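Contents: one structure, followed by commentary.
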Amino acid sequence: MLRISRKLLIYLSSGAAHKPIRRSAMEDGAQPVFTFGIIADIQYADIEDGLNFLKTRKRFYRNGVQLLRNATRRWEEQRVRCVLQLGDIIDGFNKSRDASQQALDTVIREFEKSSADVHHVWGNHEFYNFCRETLLASPLNSAARAGSGSDLIADDIYAYEFSPAPGFRFVLLDSYDVSLIGREENSEKYKRSVKLLQEHNNNPDLNHPPVVYGLEQRFVKFNGGFSREQLLWFDEVLTLADQKQERVTVFSHLPVHPNATDPICLAWNYEAVLSMLCSHKSVVCFMAGHDHDGGYHIDESGVHHITLEGVIETCPDSNAFGTVYVYEDQMVLKGNGRISDKVLKYPSGKHL
Ligand code: ZN
């Protein structure tokens, strides 16, 4: 007598037998469509080790270059298509030592050993060292390397997008578009930022968070936000990606989900970005730096929010970088050192 298992019965009666079964790419041992490297908060300076602001964590200023060298070697072996550097590439201490350019040259030399294109996001420490005009003319302006159509959205907003492979899109956001740092004191955006901060924070030193708990703590000088102009552009990019049925990953120095970071590291108007990520079916992942402890959360629409652990607070015998293997149905993050592995399935309800 033919014995049919319950599982097989359900399978046959569901009509699934008539459809091709889509197994996970990883289960099949399939090759990824492409791979890319990620790293954040190197904060290199040629100075002795120190402590963070709260004096709770050690900072290895000089050793970041060695950790980057180890990462670059691994990425070369893995033949990654591109690398995303998520900001704070050198530390603000370089400025007072008149060593900003030298420090930047040192780190860029390590990145240049990689044959992959490196895409740089800008964080607060970029602006502690350089003004926007200098950054735009520096190797940290990677928009030009991203290919045609990847121009900056405006002269004063460092945000661009490109397609790393057919069917996929990367968007780099400028989370210091509206901020006190990196803006001229007589500029409209600076004035608007001061007004916004002072509505939420009455400390004489605006780098100190307001004396309240919770999300209000994000209103500090070392954070920033996104202008209406940038958000409109972002919405257009995502609308087009929806139409093309692309998978979009977004990169920013500041995190935008409260469950993926300490609130003191959140972007000021994080809600505006979050609602946009939720409302576009193309978005699958948001990656950020800034919070050296890292974080992870999958939001209600299925978007993965990854905050990368910072190189600066990583022991010399460990590391903090990752390689992302991109498949048709998911991405797989293989972490090194402090960064753990993660399977990032694409949101099932968002993509048709
Ligand atoms: Zn930062």
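The values are calculated or read from the model by the stated rules, or taken from the named source; none is laboratory data. The shown structure was predicted, so the numbers you read here are calculated from the model rather than taken from an experiment. Here the Cβ positions follow ideal geometry from the backbone for every residue, glycine too, while neighbour counts run over all protein chains shown. These accessible areas exclude ligands, DNA and RNA; they are computed on the full protein's heavy atoms, side chains included. Shrake-Rupley method; radii C 1.70, N 1.55, O 1.52, S 1.80 Å.
Quick one: in the range 154-211, of everything that is under 21 Å from the mean Cα position of the chain (by Cα) and of a type in the set (Asp, Glu), which residue is surrounded by the most Cβ atoms within 10 Å (Cβ to Cβ)?
ASP174
Looking at PHE226, PHE251, which is the one that is of a type in the set (Phe, Trp, Tyr), without any contact (Cβ under 8 Å) to a residue 60 or more places away in the chain and open to solvent by less than 60 Å² (accessible area, probe 1.4 Å)?
Only one candidate qualifies: PHE226.
Of all residues in the range 254-286, count the ones that are away from the ligand (no atom under 13 Å from the Cβ), under 13 Å from the mean Cα position of the chain (by Cα) and farther than 16 Å from LEU238 by Cβ.
Total meeting the criteria: 2.
Looking at the range 48-59, which of its residues are within 16 Å of the ligand (Cβ to nearest atom) and touching a residue at least 24 places away in the same chain (Cβ under 8 Å)?
ASN52, ARG57, ARG59
Could you check, for the range 163-172, whether at least one of its residues is out of contact with any strand residue (DSSP E or B) (no Cβ under 6 Å at 6 or more places or on another chain) and of a type in the set (A, V, I, L, M, F, W, C)?
no
Yes/no matrix, rows are residues, columns are (1) of a type in the set (A, V, I, L, M, F, W, C); (2) at positive phi:
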site	(1), (2)
LYS55	no, yes
PHE60	yes, no
ASN70	no, no
SER96	no, no
SER100	no, no
ILE108	yes, no
LYS113	no, no
TRP122	yes, no
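Among (1) in a loop (DSSP other than H, G, I, E, B); (2) in contact with a strand residue (DSSP E or B) (Cβ under 6 Å, 6 or more places away or on another chain), where does SER348 come up short?
(2)
Working only within the range 256-309, note down all residues that are of a type in the set (Phe, Trp, Tyr) and surrounded by fewer than 19 Cβ atoms within 10 Å (Cβ to Cβ).
Across the range 256-309, the qualifying residue is only TYR296.
Being more than 16 Å from the ligand (Cβ to nearest atom) and farther than 24 Å from MET287 by Cα, is that true of even one residue in the range 30-39?
Yes, the conditions are met somewhere in the range 30-39.
Going by the structure shown, is GLU188 away from the ligand (no atom under 16 Å from the Cβ), over 22 Å from TRP233 (Cβ atoms) and without any contact (Cβ under 8 Å) to a residue 60 or more places away in the chain?
So GLU188 fails the test.
I'm told ASP293 meets every condition in (1) within 16 Å of the ligand (Cβ to nearest atom); (2) in contact with a His (Cβ under 7 Å, 6 or more places away or on another chain) except one. Can you identify the failing condition by its number?
Only one criterion in (1) within 16 Å of the ligand (Cβ to nearest atom); (2) in contact with a His (Cβ under 7 Å, 6 or more places away or on another chain) is unmet by ASP293, namely (2).
Are any residues in the range 69-103 away from the ligand (no atom under 16 Å from the Cβ), free of Cβ contacts under 8 Å to residues at least 60 places away in the same chain and either closer than 30 Å to PHE34 by Cα or open to solvent by 20 Å² or more (accessible area, probe 1.4 Å) (or both), and if so, which ones?
Result: ARG69, THR72, ARG73, GLU76, GLU77, ARG79, VAL83, SER96, ARG97, ASP98, GLN101, GLN102.
The rows are residues; the columns are (1) within 16 Å of the ligand (Cβ to nearest atom); (2) touching a Gly at 6+ places or on another chain (Cβ under 8 Å).
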site	(1), (2)
VAL118	no, no
GLU126	yes, yes
CYS131	no, yes
PRO139	no, no
GLU161	no, no
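Need pairs with beta-carbon distance below 8 Å; first residue under 9 Å from ALA40 (Cα atoms) and within the range 288-301, second away from the ligand (no atom under 16 Å from the Cβ) and open to solvent by less than 20 Å² (accessible area, probe 1.4 Å); sequence gap 6+ or separate chains.
What qualifies is ALA288/HIS305.
Given TYR325, TYR346, which one is touching a Pro at 6+ places or on another chain (Cβ under 6 Å), farther than 30 Å from GLU199 by Cα, surrounded by 18 or more Cβ atoms within 10 Å (Cβ to Cβ) and among the aromatic types (Phe, Trp, Tyr)?
The match here is TYR325.
Can you find, within the range 225-253, the residue that is nearest to the ligand (Cβ to nearest atom) among those that are of a type in the set (Val, Ile, Thr) and more than 16 Å from HIS304 (Cβ to Cβ)?
VAL237
Is it true that LEU232 is buried (at least 19 other Cβ atoms within 10 Å of the Cβ) and of a type in the set (A, V, I, L, M, F, W, C)?
So LEU232 fails the test.
Filtering the range 119-141 down to residues that are among the small types (Gly, Ala, Ser) and over 15 Å from the mean Cα position of the chain (by Cα), which residue is surrounded by the most Cβ atoms within 10 Å (Cβ to Cβ)?
SER138
Check off (1) among the charged types (D, E, K, R); (2) closer than 30 Å to PHE53 by Cβ; (3) in contact (Cβ under 8 Å) with a residue 12 or more places away in the chain for ASP317 and give me the number that stays unchecked.
Against the list (1) among the charged types (D, E, K, R); (2) closer than 30 Å to PHE53 by Cβ; (3) in contact (Cβ under 8 Å) with a residue 12 or more places away in the chain, ASP317 comes up short only on (3).
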